[in-house]
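Worksheet: the structure to be examined is printed underneath.
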Amino acid sequence: MGKEKGAEEKTAYHWADETALKIIREKGEKDLYTCAAGITPSGTVHIGNFREIMSVDLVVRALRDQDKKVRFIYSWDDYDVFRKIPKNMPGQEELEKYLRFPITMVPDPWSRDESYARHHEIDVESMMPVMGIYPEYLYQAKRYRASAYAAGIRRALEKREELRAILDKYRDDGHKIQGEWWPVSVFCDSCGKDETAVDGWDGEWGLSYHCEACGHSETADIRTAKGVKLNWRVDWPMRWEYEKVDFEPAGKDHHSRGGSFDTARHICGEVYGREPPVTFAYDFIGIKGLGGKISSSTGVVIDLQDVLEVYTPEVARYLFAGTRPNTEFTISFDLDVIKTYEDYDRTERIAWKMEDAKDEAAYRRERRIYELSQTAVSPEGKTLMPGVMPWQAPFRHLCSLVQISGGDTEKTIAALKKSAGGGKEDGPREEQIPALRERILRAKYWVKNHAPDEFRFSLRPPGERAELPAGMALGVRVLRDTVVADIERFPDDASCAGAIYKAAEQAGLETKALFRASYQALIGRDQGPRLAGFLRSISRERLLEILSAY
């Protein structure tokens, strides 16, 4: 069980808390605050898309930590048009048949789920609990087909000229709306496509249209029609009013001057009579160590699952919680993975007062980042700290141990206990083991799939000998007989390192030469993990078997 964050920590030391206080200040005291996010499931929901729901989750938690009741909604805009086939999708020819249909009517090319849209929705929804995120999902196809927005659609039709003027206000002369314009589009009731044209509106509930794809025409009743939909620049503010949204962020492209957020804010107030939500712009996310720019259309897609193969959920949350939304950051898959874990571990030590921060404000800030990085929440949705401080195993060290252990998690844990001193009190406690296993799994995956070649190694089999000059071979024998033969007597890496320096002196070698000889003898490389810790991580018997060849 975790423990809830105390009331004394409600001062805004984090941007999510600053935003929560701004929402309360601008929207006033309310029985319920509504925070919203959403996306179109037009392809794989990549990690850049994930920044929105993660940002909203952090603000939702901050509001709940202020003892506010919050409704957290996530809209799947699955009634949008299927306009383009992402290059990473299978069955391209089959999918091409469904261009211009609503995404929810496109079949799943993997034949797993009821539709193309639902496949991508489930991929995301299944990962949210892993990240400690629990929104209420809204499916816009179901809502539109149930005519939930009939009143909002009629309002847009009534205010058609005002809407046109608002949209044109933010356009230059070359991009203003030309000719007859309607704030709605229609999916044909006969063929399903959106290749339709609106012919007229009777001033009440009747909307006439014809389909240019199949020739169908009719006057649809907005109160019962399944295919009438608002254009997205009008749809967004209509839903702000419908759902009574108090907070919703958007990407910096939407927040550009005269962009979609400006028009939505204007429409929300003038047409739908509601103050727009509090917002902020969030920046893009870069990917380092894989090559290529994130893009669904080009098929270079890194999703949350890919990130969680390398980072534990807490460290993945930390990447977002530790960065202000308007700041671009990079998720690394190269050697910077090690630094990311080191940064998280330092924040964790400060949060648990195992390492001093420079001052009280820095401590509060780091602790808050750490709190918001945790996946556990109370039944009321409040942030929870772990019941005990996790046992820290440096990611770099784990990468060495997991290779020494041949990828065996339990052997890796045993080696960790040994390197911690061997005593029961020195190693991880039983309640700390599950989190440790999760980190070991990431280390194993990263070494296998992303680590640079020079970072990978395997121990030589017994009897295999490196070709070494006589002096270096002597150094290996001295190391074997004076250090390895009694390796278990060293209580820590520092004492073992001291013995290695003495072995080099005894063999008449420079320390660097002995290191090189040792790595060649053990793993066939000139360099490797820090030698003292490396030797202490391997059993005495296995070391002697390998070094007996000298």
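Of all residues in region 483-495, those being assigned to a helix (DSSP H, G or I) and surrounded by fewer than 16 Cβ atoms within 10 Å (Cβ to Cβ) number 6.
The residues in region 327-367 that are of a type in the set (Ser, Thr, Tyr) and outside any helix (DSSP H, G or I) can be counted, and the count is 3.
Just so you know, in region 496-547 the residues that are of a type in the set (S, T, N, Q) and either part of a helix (DSSP H, G or I) or modelled with pLDDT of 95 or more (or both) include one that is nearest to residue 480 (Cα to Cα), and it is 518. Restricting attention to region 450-482, the residues being among the hydrophobic types (A, V, I, L, M, F, W, C) and either outside any helix (DSSP H, G or I) or in contact with a Gly (Cβ under 7 Å, 6 or more places away or on another chain) (or both) number 5.
Going by the structure shown, is residue 87 surrounded by fewer than 18 Cβ atoms within 10 Å (Cβ to Cβ), in contact with a strand residue (DSSP E or B) (Cβ under 7 Å, 6 or more places away or on another chain), closer than 27 Å to residue 283 by Cβ and not small (Gly, Ala, Ser)? No, not satisfied. Going residue by residue through region 349-365, is there one that turns out to be charged (D, E, K, R) and closer than 27 Å to residue 449 by Cα? No, region 349-365 contains no residue that is charged (D, E, K, R) and closer than 27 Å to residue 449 by Cα. Of the set (1) in a loop (DSSP other than H, G, I, E, B); (2) in contact with a Ser or Thr (Cβ under 7 Å, 6 or more places away or on another chain), all apply to residue 370 but (1). From the list 548, 539, the lone residue that is among the hydroxyl-bearing types (Ser, Thr, Tyr) and under 18 Å from residue 401 (Cβ atoms) is 539. For region 240-253, the criterion of being closer than 27 Å to residue 154 by Cβ, over 28 Å from the mean Cα position of the chain (by Cα) and either outside the structural domain of residue 53 (by TED's automatic domain parsing) or of a type in the set (Lys, Arg) (or both) is met by no residue. Do we have any residue at all in region 31-39 that's in the same structural domain as residue 261 (by TED's automatic domain parsing), surrounded by fewer than 16 Cβ atoms within 10 Å (Cβ to Cβ) and over 30 Å from residue 362 (Cβ atoms)? Taking every residue of region 31-39 in turn, at least one turns out to be in the same structural domain as residue 261 (by TED's automatic domain parsing), surrounded by fewer than 16 Cβ atoms within 10 Å (Cβ to Cβ) and over 30 Å from residue 362 (Cβ atoms). Checking 524, 508, 427 one by one, the residue that is free of Cβ contacts under 8 Å to residues at least 60 places away in the same chain and surrounded by 13 or more Cβ atoms within 10 Å (Cβ to Cβ) is 427 and no other.
Assess whether residue 61 counts as being more than 15 Å from residue 136 (Cα to Cα), touching a strand residue (DSSP E or B) at 6+ places or on another chain (Cβ under 8 Å) and buried (at least 21 other Cβ atoms within 10 Å of the Cβ). Here the answer is no, as residue 61 does not meet what is asked. Among the residues of region 161-187, those that are assigned to a helix (DSSP H, G or I) and in contact (Cβ under 8 Å) with a residue 24 or more places away in the chain comprise 162, 163, 166, 167, 169. Within the bounds of region 65-80, is there any residue that is touching a strand residue (DSSP E or B) at 6+ places or on another chain (Cβ under 7 Å) and part of a helix (DSSP H, G or I)? Yes, some residue in region 65-80 is touching a strand residue (DSSP E or B) at 6+ places or on another chain (Cβ under 7 Å) and part of a helix (DSSP H, G or I).
Pull up region 284-324, narrow it to residues that are modelled with pLDDT of 95 or more and not in a helix (DSSP H, G or I), then point me to the one that is nearest to residue 251 (Cα to Cα). Top of the filtered list is 324. Residue 477 - would you say it is touching a helix residue (DSSP H, G or I) at 6+ places or on another chain (Cβ under 9 Å), of a type in the set (D, E, K, R), modelled with pLDDT of 95 or more and more than 24 Å from residue 392 (Cβ to Cβ)? Answer is yes for this residue. Applying the condition of being in contact (Cβ under 8 Å) with a residue 60 or more places away in the chain and within 46 Å of the chain's Cα centre (by Cα) to region 462-478 and asking which residue is surrounded by the most Cβ atoms within 10 Å (Cβ to Cβ) yields 465. Pairing residues of region 401-416 that are in contact (Cβ under 8 Å) with a residue 12 or more places away in the chain and closer than 14 Å to residue 539 by Cβ with residues that are of a type in the set (A, V, I, L, M) and not in a helix (DSSP H, G or I), at Cβ distances under 7 Å and at least 6 apart in sequence or on separate chains, gives 404/459; 404/538; 416/393.
The number of residues in region 403-417 being within 29 Å of the chain's Cα centre (by Cα) and either in the same structural domain as residue 528 (by TED's automatic domain parsing) or outside any loop (DSSP other than H, G, I, E, B) (or both) comes to 6. Screening region 233-291 for residues that are under 26 Å from residue 165 (Cβ atoms) and among the hydroxyl-bearing types (Ser, Thr, Tyr) and picking the one that is surrounded by the most Cβ atoms within 10 Å (Cβ to Cβ) gives 263. For residue 192, indicate whether it is surrounded by 16 or more Cβ atoms within 10 Å (Cβ to Cβ), at positive phi and part of a loop (DSSP other than H, G, I, E, B). Judged against the criteria, residue 192 is a match.
The values are calculated or read from the model by the stated rules, or taken from the named source; none is laboratory data. The shown structure was predicted, so the numbers you read here are calculated from the model rather than taken from an experiment. Glycine also receives a Cβ, built like all others from the backbone with ideal geometry; neighbour counts cover every protein chain displayed.
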